[in-house]
Protein chains: 4
Amino acid sequence: MSPKIVDKEQKRLEIVEAALQVFGRKGYQGSRMSDIAQEAGIGKGTIYEYFNSKDELILAIFEGLTWEYEQLLNQLAESSQPPLEAILGSLTQLLEEVDEYADLTPVCLELWGSRLLSESLGLREKMSDWFERLSAAYARLIVKGQQKGTIHPEIDAKALARTLVSMIDGILLHYGLFRPSPSFFSKQEKELERMVRRALQL
Amino acid sequence: MSPKIVDKEQKRLEIVEAALQVFGRKGYQGSRMSDIAQEAGIGKGTIYEYFNSKDELILAIFEGLTWEYEQLLNQLAESSQPPLEAILGSLTQLLEEVDEYADLTPVCLELWGSRLLSESLGLREKMSDWFERLSAAYARLIVKGQQKGTIHPEIDAKALARTLVSMIDGILLHYGLFRPSPSFFSKQEKELERMVRRALQL
Amino acid sequence: MSPKIVDKEQKRLEIVEAALQVFGRKGYQGSRMSDIAQEAGIGKGTIYEYFNSKDELILAIFEGLTWEYEQLLNQLAESSQPPLEAILGSLTQLLEEVDEYADLTPVCLELWGSRLLSESLGLREKMSDWFERLSAAYARLIVKGQQKGTIHPEIDAKALARTLVSMIDGILLHYGLFRPSPSFFSKQEKELERMVRRALQL
Amino acid sequence: MSPKIVDKEQKRLEIVEAALQVFGRKGYQGSRMSDIAQEAGIGKGTIYEYFNSKDELILAIFEGLTWEYEQLLNQLAESSQPPLEAILGSLTQLLEEVDEYADLTPVCLELWGSRLLSESLGLREKMSDWFERLSAAYARLIVKGQQKGTIHPEIDAKALARTLVSMIDGILLHYGLFRPSPSFFSKQEKELERMVRRALQL
DNA sequence: AATGAATGAGTATTCATTCAT
DNA sequence: GATGAATGAATACTCATTCAT
């Protein structure tokens, strides 16, 4: 409540922001703590007043993502739209927010791929968990649609749901890595939507 | 071909093989040159008789993949199957060969994500190139199908083709990282095939 | 004496006391200024209102010891006991007060042994001086005893005195480091006294 | 057996020797690995080919001391001299070898006193063990002498033995720290011998 | 006077690469 | 050709001290 606390939280955010910039530019291994400090306009030691280690810094970044992600899951669960529309809406939303996280894509890959880091940070498990939950939410919607008769009855809900998740992840990764032009990406969005719609419809 | 040259090439392959094992087990950053030497049953210095650096070693591995990949592109180009079947066949083939490269998935992510390595090795460009070429091949088949009237005429061939590539990459990455059970993955395969078939058909 | 001054001196003492506790628990190198501040229930910066550095803090502790030590020297000089009894009494007193300083023994060793600190603090010299003065006091008493005929005339007073000082220091150090049981240590005291008495007597 | 192994052992010794020099000059904390490397005329990294850490280096030094010390214990145990002479001989021997280890005295104190190091290296325990064993050896000799009637029967053998050990340690420490002149130290030796002889005799 | 947020100098350790044998 | 001993650049982290409030 005291102004000090406000400052502390503000500064913590500033440091995370700076870290995001630097990690996005140089990758995790390629970024030195002093780079991040410089980007934040503070001294190297100051970072350690707010984070205990470089690892904790990356975890803080991922916590931000986790939060956004929980939002998405909640929206899916609470959606009053018909199942098919809810799924398509969620896909569209992911694709539309893509620019917010695109800079972080390479860092995600780097950490995700690195046995050492991924395991010490518990990232692999965390990611696995994310995808499973999103997949389960899609599966529930598919089943609901099948019960309502709006989604094709022969579909294996779980298998398709998990496939959708992998697919969308692939599309997001390629966006972050190869940065297609907005006009082209918007065409891709349309094709994806058409594909998923036709796949699910009766 | 003097016996010396045969030896050289043979040993080169053995080293690449050992590197594959070790990278698959410990990741790229996590593997020391001495680990690879030990796995290959040779001295650390000997690796440098065949490769100039650790980077060159990883490049050699990727060249192996490139070769496999060229095969796939050639098959696609030369395929006498109807376009729709050719595309589905290619997807199926990628999914069926997945185990061959799955161990390397994390390493690919690690290198791909690491700005430092990815750029110094020219990986980003190389990968971009791969995906563009595969995408172009799919696009050509789609157009051909549209001309023949077997593929939906409203589809934007290039956009869908590039989307298919991202999707399939996502599915392969998730396979390598999360290792679904064979029975579940085979259901995913079926759902993917159905989805793509319905998306492309009239 | 304005109340401010009283406060200052009081607080200074409190800080020294806290430092004693913390140094005793964690050693000199192992104690952070913030530990001491916390123990004293004040802010880190406040210590620097009373002491210019961590070194000065340890010097203040040693000044306390010096004062106790001066007392001992004065008692020795002014003692009206026969020389032999004075020496034995002084040894006994040192052994009996051992618990007061025992916690500080490791810190003394740490500082004493560390070239860096020991020299920058002038500890080596200071300690050397202490021991020389105690030794000189013993030597004077031995000579007096020899003149009175109560102490063995063949003894080299200075050499024995200096040896007594080293011996007693060794015993105090071992007490502080290994903490013998009180009952065993009291037996050691008796044996030491017997030894010194027999060594000095005719 | 191969020349490489001989070199390795030789070099290991050279590094220990260099470390001894540097630690003796600057203390443990005050010595940087690069100082030791420079003293040994090798690269910094080379030290790590022979020792895993700075700690391991200091342990190697102490192992040398341990070995010398075991010799002393063995000599004491196997001595065919009368008990009194055996004890006095052992004390004399310790005092005569004093110059060999004197340079290491401050380092011993530094490590011994530093909670952090002493505990992580297991030094405190090791030292305690040394002193207990020497003390036990003296106690056995005292008891033997009492049985033979050459040593005063009222002496508490264990208490005196442990006191002798502390005493001699004090004398050795003061030698290493204050470096008395050889002529004075030799007088101290004589006084110590006389003292111990008179303390033990009937 | 009191505080504690900010600072940055200082250092052990790893490991790709070299090169003498 | 093969080796592995030697190398040193590169970097996260700690903590005494400062100084704005």
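The values are calculated or read from the model by the stated rules, or taken from the named source; none is laboratory data. Note that the structure is predicted; figures quoted are calculated from it, not measured. Every residue, glycine among them, receives a Cβ derived from its backbone with ideal geometry; neighbour counts consider all protein chains shown.
Structure notes:
- The residues on offer are A:ASP55, A:ASP35, and the sole one that is assigned to a helix (DSSP H, G or I), touching a residue at least 40 places away in the same chain (Cβ under 8 Å), of a type in the set (Asp, Glu) and within 13 Å of DNA strand F (Cβ to nearest atom) is A:ASP55.
- Failed condition for B:SER120, given (1) touching a Lys or Arg at 6+ places or on another chain (Cβ under 7 Å); (2) more than 20 Å from A:MET167 (Cα to Cα); (3) within 13 Å of chain A (Cβ to nearest Cβ); (4) touching a residue at least 40 places away in the same chain (Cβ under 8 Å): (1)
- Exactly one residue out of A:LEU84, A:LEU65 is hydrophobic (A, V, I, L, M, F, W, C), away from DNA strand E (no atom under 16 Å from the Cβ), assigned by TED's automatic domain parsing to the domain that holds A:VAL107 and within 18 Å of the chain's Cα centre (by Cα), and it is A:LEU65.
- When the stretch C:41-52 is filtered for residues that are of a type outside the set (A, V, I, L, M, F, W, C) and within 12 Å of DNA strand F (Cβ to nearest atom), the ones remaining, listed by number, are C:GLY43, C:LYS44, C:GLY45, C:THR46, C:TYR48, C:GLU49, C:TYR50, C:ASN52.
- Complete set of residues in the stretch B:147-170 that are farther than 18 Å from A:PHE178 by Cα and of a type in the set (A, V, I, L, M, F, W, C): B:ILE151, B:ILE155, B:ALA157
- Among all positions in the stretch A:42-51, there is at least one residue which is assigned by TED's automatic domain parsing to the domain that holds A:PHE23, outside any helix (DSSP H, G or I) and exposed (fewer than 13 other Cβ atoms within 10 Å of the Cβ).
- Scanning the stretch D:172-182 for residues that are more than 7 Å from chain C (Cβ to nearest Cβ), part of a helix (DSSP H, G or I) and more than 15 Å from the chain's Cα centre (by Cα) yields a count of 1.
- Under the condition of being within 13 Å of chain B (Cβ to nearest Cβ), of a type outside the set (Val, Ile, Thr) and touching a residue at least 24 places away in the same chain (Cβ under 8 Å), the residues counted in the stretch A:134-152 number 4.
- Residue satisfying condition, being crowded, with 20+ Cβ neighbours inside 10 Å, basic (Lys, Arg) and assigned to a helix (DSSP H, G or I), within set D:ARG162, D:ARG198: D:ARG162
- Residue in the stretch A:58-79 that is farthest from DNA strand F (Cβ to nearest atom), counting only those that are small (Gly, Ala, Ser) and in a helix (DSSP H, G or I): A:ALA77
Yes or no, residue by residue, for (1) within 12 Å of DNA strand E (Cβ to nearest atom); (2) within 14 Å of another protein chain (Cβ to nearest Cβ):
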{"site": "C:ASP7", "(1), (2)": "yes, no"}
{"site": "C:LEU13", "(1), (2)": "no, no"}
{"site": "C:VAL16", "(1), (2)": "no, no"}
{"site": "C:LEU20", "(1), (2)": "no, no"}
{"site": "C:GLY30", "(1), (2)": "no, yes"}
{"site": "C:MET33", "(1), (2)": "yes, no"}
{"site": "C:GLY41", "(1), (2)": "yes, no"}
{"site": "C:LEU59", "(1), (2)": "no, no"}
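Rundown of residues vs (1) over 25 Å from C:LEU65 (Cβ atoms); (2) touching an Asp or Glu at 6+ places or on another chain (Cβ under 6 Å); (3) not in a helix (DSSP H, G or I), yes/no style:
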position: C:GLU154; (1), (2), (3): yes, no, yes
position: C:MET167; (1), (2), (3): no, no, no
position: C:GLY170; (1), (2), (3): no, yes, no
position: C:PHE184; (1), (2), (3): yes, no, no
position: C:LYS190; (1), (2), (3): yes, no, no
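- With respect to the stated conditions, D:ALA102 fails to be surrounded by 13 or more Cβ atoms within 10 Å (Cβ to Cβ), away from every other protein chain (no Cβ under 14 Å) and more than 8 Å from DNA strand E (Cβ to nearest atom).
- Inclusion of D:PRO182 among residues that are modelled with pLDDT of 90 or more and touching a Gly at 6+ places or on another chain (Cβ under 6 Å) is not warranted.
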